[in-house]
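Written out below as structure tokens is the structure these notes cover.
The values are calculated or read from the model by the stated rules, or taken from the named source; none is laboratory data. Predicted model only: the values in this text are computed from it and were never measured. Backbone-built Cβ (ideal geometry, glycine too); neighbour counts: all protein chains shown.
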């Protein structure tokens, strides 16, 4: 191979690697800062899992370069298959994303128009939602792309030609499976943190446009067992790290005999990250263990300080207050792992939902590879009529796979089945069926025709 051809082959890899390095240089420091803010608010979080977030984000930036490198190293026929597959995937995923975008915009356009900057809000909204939408739609895009590209090759008799040149069915499926593996890695990267986070934050953007304020939660309860303090936070702002205070605070303390001592009501509260101090404004304190009488029934003693009230050495942080109320569906792998570790000895909390979601974060991306392996042997045909029956069967099996995954997830969250089986059961079944289908293709046995014979007339 001469030098100009080598340069042409590997030039896309170099350019994509440089683009990935530039994106990593911009995104990784920002993510590192977000990790430090998170650990300051959640000191009991699993630090290593969160410190991995910048590394995972950087690795995702290089996935396009890795695909280009694989494309450059394989043979001409493999590159031809990959081009056909990726072209179809771009068209299919783009079409699916466009349809979703139109439907979503139609549903939320009235809320967008209420914002002071509607175009900026729309841009932020659809940029943020790309991660969860990609995770949800990538399997369907891969399925449609695989059936379209293989169907086109089959009708043109190119599949037969490739086999006649000595390439077996396995060599035809291999480059397609590698692309499915890269798609799974991309989904796993998004699932690590950003897809679950975006699923929650997009709702916050809609609320912000609708009401002018974005809250992470309302009426958040928290009990600090060691000190006997019970918190009720009326409004917890989403962007607390930007300096917004907690509002409408009620704190009630009790003694060792679990009898009430005092009650604090405050208009807002600020937490100092450096000193760990809590500063309350608009305070009213009710001393429940002290009573006064003015020739009548005993009444609690009230106190209305003129200025702010400061408490030092309280272990509660704002993010620890809200942690028990977080939804498992909106937590990434580090947060789910931290939650499971901190609550593993707590009996009254339903841990199955969080365990199921943690396993599901790892299992869901594997659907991309499973669908490719499942649909590839069904999309291959040796006749010009195409693989009509195989296409129908592939769509049916993939739809059943998606439905089964949803059902299993619900059963796992309700503690009907084991969280591991709830997350991985569908994938294991899909891989088993894929192995059987590929094996039948390898030995030249019919697939759809055999199934048709088994069905009643």
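Here the condition is being at pLDDT below 70, in contact with a strand residue (DSSP E or B) (Cβ under 7 Å, 6 or more places away or on another chain) and surrounded by fewer than 15 Cβ atoms within 10 Å (Cβ to Cβ); of 303, 290, it holds for 290 alone. Among residues that are in the same structural domain as residue 141 (by TED's automatic domain parsing), part of a helix (DSSP H, G or I), buried (at least 20 other Cβ atoms within 10 Å of the Cβ) and modelled with pLDDT under 85, residue 390 is included. If the condition is being over 24 Å from residue 150 (Cα atoms) and surrounded by 12 or more Cβ atoms within 10 Å (Cβ to Cβ), then region 71-108 contributes 100, 101, 104, 105, 108. Quick one: would you say residue 451 is modelled with pLDDT of 85 or more and farther than 22 Å from residue 330 by Cα? It is false that residue 451 is modelled with pLDDT of 85 or more and farther than 22 Å from residue 330 by Cα. For region 339-356, filtered to residues that are modelled with pLDDT of 85 or more and more than 21 Å from residue 41 (Cβ to Cβ), the residue that is surrounded by the most Cβ atoms within 10 Å (Cβ to Cβ) is 356. Scanning region 25-70 for residues that are farther than 21 Å from residue 188 by Cβ and in contact (Cβ under 8 Å) with a residue 40 or more places away in the chain, we see that the one that is surrounded by the fewest Cβ atoms within 10 Å (Cβ to Cβ) is 43. Does residue 44 satisfy the criteria of being modelled with pLDDT under 90 and under 18 Å from residue 197 (Cα atoms)? Against the criterion (modelled with pLDDT under 90 and under 18 Å from residue 197 (Cα atoms)), residue 44 does not qualify.
The requirement of being surrounded by fewer than 16 Cβ atoms within 10 Å (Cβ to Cβ), touching a helix residue (DSSP H, G or I) at 6+ places or on another chain (Cβ under 6 Å) and modelled with pLDDT of 90 or more is not satisfied by residue 371.
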